[in-house]
Structures are given as structure tokens and as C-alpha cells.
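**Q** Submitted below is the structure of interest, expressed as C-alpha cells.
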Amino acid sequence: MLTDSDRVQVLSEALPYMQLFSGRTIVVKYGGAAMKEENLRQDVIRDVVTMSFMGLRPVLVHGGGPEINTWLTKLNIEPQFINGLRVTDAATMEVVEMVLVGRVNKQIVEMINLAGGSGVGLCGKDGNLIRARPQGNDEIGFVGEVSGINIGLLSTLLEAGHIPVVSSVATDETGQSYNINADTVAGELAAALGAEKLILLTDIAGILHNYKDPSTLYRSLTIQKARELMNENVVSGGMIPKVQCCVRSLAQGVKAAHIVDGRVPHSLLLEIFTNSGVGSMIVASETALP
């Protein structure tokens, strides 16, 4: 159990980071176990609200795969995937939008408000925030990519002290809805906002040299090193698109990108406000390493 002295030490260690990041935008992609387990959900939301009270400007981007699967099953629509991507026909797209925008998004907003923050729910359609285009594979249907970002509405909300909560549904120029990978949306929003940090909450410790050994965690690395690890197949499988997302956001001006284990209680605050952090931080070059 923490003593009063421990708590004061934690606050003292956090002070330089609070000063450094005050007024800066932090984009968090929220998903995985941290979104499914009630105690972790509470931790993440409390962390985000705490960040807001500390003067940071958090933006929360979310998916909702398990919830989508639950509702597809209720409606007798079988979830299908090709190479890890959800096959999204017209009926599935309707359910995706209903669940992400109408249910998951509003649940997160409510939790933020109950925790003392001011959450505002959005999807890519609101204020023309995100413009979509087809991903290019007809087999997977209405799965999209980001073709453009309009940060006007987000900037207004952030300036007013609100916490935007963004679901990854957007439309193309014809008004057709698309489901977009939430990691991708988070990375593109972080770049467009000139964010200080992009943080991807996931279900592993971060980038591991040996995925079976948590002690081989890379706590900080450069884009060059991240690319080397992908070429060497040290980074493989589902970690590849996450690392690519981080690299792409850094190349567009984001200061640091983090892959963090959302199963660790209060992992967001630990990653941002402590010297050691809990995940992997990727930066553009060696001069930006801690």
C-alpha cells in the first residue's frame, strides 16, 4: 500500500512532465483489454480526466470490435474476417456505425463525465472531421482509409477544455460510410493536430525483442531501429501495423509515439508522468531519445 511519502514522491516526479506537457495534445487510441474489463476501463477514463485537469489536452480514439461482434450475432449476421480485416458489407456497416457511434462512443463519454471531465462524442462525419476512401480490396467491402482530416471542430473543443471522444467511422465524398482502423485514425489525427504524443493502448507490454520475455522490452527506440526490427521479423504479426502507424505519425511531426500495455493499471499516467514509463516509446531520431 502506498504511504503518504510514496504519494508525495510520485507527485514530485510527475511535476517536470506536467510542466513540459501542459497545453500539449495527447492522442490516445483506446482498445483491447482496457476497453473490455471494467476495472481497467475505470483506470483509463480516470487517467484521461486526470490528464485534462493537469493541463494536457487528451483526445480519445476508440474502436469496439468485441461489441460489434456481439451485436452482429444478436442480429444473426456472422462476423467474417480476411487477413485480420473485418468483412464489412452494407448490413455489417450499418451495425458497425450503430454500435461504435451510438453505443460505445456514448458509453465512454458518459464515463468521462461521471469522472468529472467534459467528454464530447464524435465520429468522422461530425464537422467533416475525417474523410474516407475505400481501402482498395473489394472482398472486405466498406473498410476505409483516411483521405483527409479537418481539425477545426476538434481544435475548438480542445481550446474549450473538452475531451473529444472519436469513433472510427467516416464517409467518402459521396456520403458512403466506412469503417476505418482505429489505430490509423488515431495516428492521422495526432499528425493533423501536431500532437506531442500518440499512445496506442494494446494487450502486450510493448515492443519486445523476444515476445515471450517481458524483460526484453524496448523502452525507447528510433524510427530507424523500429524499421530494422520489422525487417528482422522481431516485430511481426499484429504488431507490424501498430509500429507502422507510429512511424507514419512521427514522420508527419508527432513528437513521440508509444505502444503501451493497457492491462497495466493506470498505464497512461505511468507512461507519461514517470521517468521509466511502462511501454515502448518511438521517436524520430537519437537526439530525441531520453
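**Q** Within a Cβ distance under 11 Å of Gly65, other residues only, what is the Lys/Arg minus Asp/Glu net charge?
**A** Once all neighbours under 11 Å are counted, the net charge is +1.
**Q** Right, another one. Sort Thr222, Thr50 from largest to smallest accessible area, using a 1.4 Å probe on the heavy atoms of the protein chains.
**A** Largest to smallest exposure gives the sequence Thr50, Thr222.
**Q** Counting each DSSP H run of 4 or more residues in the chain as -39500 (n - 2.57), what helix-only mean residue ellipticity at 222 nm follows after dividing by all residues, to the nearest 500 deg cm²/dmol?
**A** When only DSSP H runs of four or more count, the value is -12000 deg cm²/dmol.
**Q** A further question on this structure: Once the Cα atoms of helix 105-114 and of the chain are each reduced to a long axis, what angle between those two axes, in degrees from 0 to 90 to the nearest 10, is obtained?
**A** 30
**Q** Still on this model: Which percent of the accessible heavy-atom area of the range 94-231 goes to carbon and sulfur, probe 1.4 angstrom?
**A** Answer for the range 94-231 is 46 percent, counting heavy atoms of protein chains only.
**Q** Using only Cα atoms and rounding to the nearest 10 degrees, what angle (0 to 90) does helix 4-21 make with the longest principal axis of the chain?
**A** On a 0 to 90 degree scale, this one is about 60.
**Q** Also, I was wondering about something else. (i) 0.97; (ii) 0.93; (iii) 0.88: which one is Cα Rg over 2.2 N^0.38 Å as calculated from this entry?
**A** Computing Cα Rg over 2.2 N^0.38 Å and matching it to (i) 0.97; (ii) 0.93; (iii) 0.88 gives (i).
**Q** Using θ = phi - 60° and the Karplus relation 6.51 cos²θ - 1.76 cosθ + 1.60, list the HN-Hα couplings for the range 139-152 in order, rounded to whole Hz, with x at every Gly or Pro.
**A** Ordered by residue, 3J(HN,Hα) equals 5, 9, x, 8, 9, x, 10, 7, 9, x, 10, 10, 8, x Hz.
**Q** With a 10 Å cut-off between alpha carbons and a GNM built on the chain, which of Gly148, Gly237, Gly63 moves the most?
**A** Evaluated over the chain, the most mobile residue of the options is Gly237.
**Q** Reachable lysines from Lys125, Cα under 18 Å, same-chain residues fewer than 8 places away excluded?
**A** Hits, sequence-local ones excluded: Lys106.
**Q** Sort the range 238-290 into rounded, prolate or oblate with this rule: let a ≥ b ≥ c be the square roots of the eigenvalues of the Cα gyration tensor; rounded if a/c is under 1.5, and if a/c is not under 1.5, prolate when a/b is larger than b/c, oblate otherwise.
**A** Here the range 238-290 falls in the oblate category.
**Q** Going by the alpha-carbon gyration tensor, a ≥ b ≥ c the square roots of its eigenvalues, is the range 164-290 rounded (a/c under 1.5) or, if a/c is not under 1.5, prolate (a/b greater than b/c) versus oblate?
**A** Prolate is the answer for the range 164-290, as a/c is 1.5 or above and a/b outweighs b/c.
**Q** Under a plain spin-label model, where a point goes 7 Å from the Cα along Cα-to-Cβ, how far apart in nm are Asn69 and Lys212?
**A** Each label point is offset 7 Å from its Cα along the Cβ direction, giving 2.6 nm.
**Q** How many Å² of accessible area per residue for the range 103-191, probe 1.4 Å?
**A** That works out to 40 Å² for each residue.
**Q** Can you give me the long-range amide H partners of Gly31? Hydrogens built in the peptide plane at 1.01 Å from N, cutoff under 5 Å, separation of 5 or more residues or another chain.
**A** Close amide H contacts, sequence-distant or interchain: Leu201.
**Q** Please report how far the C-alpha centroid of the range 238-282 lies from that of the range 193-235, rounded to the nearest whole angstrom.
**A** For the range 238-282 versus the range 193-235, the Cα centre distance is 8 Å.
**Q** Net charge within 14 Å of Glu139 by Cβ-Cβ distance, Lys/Arg positive one each and Asp/Glu negative one each, not counting Glu139 itself?
**A** So the environment of Glu139 carries a net charge of -1.
**Q** Work through the residues other than Leu40 whose Cβ is under 13 Å from its Cβ and net out their charges, Lys, Arg +1 and Asp, Glu -1.
**A** -2
**Q** For Phe142, what accessible surface area do you get with a 1.4 Å probe? Give it in Å², rounded to 10.
**A** Roll a 1.4 Å probe over it and Phe142 shows about 60 Å².
**Q** Relative to the longest principal Cα axis of the chain, at what angle does helix 65-74 sit, 0 to 90 degrees, rounded to 10?
**A** Here the helix axis deviates by roughly 30 degrees.
**Q** Only Cα pairs within less than 10 Å get springs; with that Gaussian network setup on the chain, which residue of Asn150, Asn83, Asn39 has the largest fluctuation?
**A** Asn83
**Q** With the Cα gyration tensor of the range 61-148 giving a ≥ b ≥ c as the square roots of its eigenvalues, does the rule (a/c under 1.5 for rounded; else a/b larger than b/c for prolate; else oblate) give rounded, prolate or oblate?
**A** Oblate, because a/c is 1.5 or more while a/b does not exceed b/c.
**Q** Further question on the same structure: Along the Cα-to-Cβ line of Val87, 7 Å from the Cα, sits a label point; which residues in the range 114-149 have backbone N less than 18 Å from it?
**A** 135-144
The values are calculated or read from the model by the stated rules, or taken from the named source; none is laboratory data. Remember, predicted model here, so these are calculated numbers, not experimental data. Here the Cβ is made from the backbone with ideal geometry for all residues, glycine too, and neighbour counts use every protein chain on show. Just the protein is used for accessible areas: all its heavy atoms, side chains included, with ligands, DNA and RNA removed. Shrake-Rupley method; radii C 1.70, N 1.55, O 1.52, S 1.80 Å.
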